[in-house]
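What follows is one structure encoded as C-alpha cells, with my remarks underneath.
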Amino acid sequence: MSSIRPLPRSNTLANAPIPALLLCPHCDLEMALLGVESETGTRDLYTFECGACGDLEVRGVQVRR
C-alpha cells in the first residue's frame, strides 16, 4: 500500500461543465445509466432511466473483446 499516492489537486477542470450522457426524449432531462448487459461477444446493451418520468432507453454499443 505504500506505493499508492493521492493525485494532486487541480482546478483546471473544476469550472468545466460535464456534458449530459443522454437526455430523456420526453422530459429533456439527463438520464441515468441503469445497467449494462452483454448482447453478443462484441456488443453490449446500455439501459438508461429518466429519474423524472421513469422512461427507459436502451442503446446497443459495439465493444472490443
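If we keep just the residues of region 40-50 that are of a type in the set (S, T, N, Q) and part of a strand (DSSP E or B), which is surrounded by the most Cβ atoms within 10 Å (Cβ to Cβ)?
First, pick out the residues of region 40-50 that are of a type in the set (S, T, N, Q): 40, 42, 47.
In the following step, the residues that additionally are part of a strand (DSSP E or B) were identified as 40, 47.
On the way: 40: 11, 47: 15.
The selected residue is 47.
Which residue is modelled with the lowest pLDDT, if the candidates are limited to region 1-39 and must be within 12 Å of residue 58 (Cα to Cα) and part of a loop (DSSP other than H, G, I, E, B)?
First, pick out the residues of region 1-39 that are within 12 Å of residue 58 (Cα to Cα): 22, 24, 31-37, 39.
Next, from what is left, pick out any that are part of a loop (DSSP other than H, G, I, E, B): 22, 24.
On the way: 22: 88, 24: 93.
Taking the candidates together, the pick is 22.
Is there any pair linking a residue in region 36-64 that is under 13 Å from residue 25 (Cα atoms) to one that is among the polar types (S, T, N, Q), with Cβ under 9 Å and at least six apart or on different chains, and which?
Going by the 9 Å Cβ cut-off, the qualifying pairs are 56/47; 57/47; 58/47.
The values are calculated or read from the model by the stated rules, or taken from the named source; none is laboratory data. All of these numbers come straight from a predicted model, not from anything done at the bench. Cβ atoms come from the backbone with ideal geometry, glycine included; neighbour counts cover every protein chain shown.
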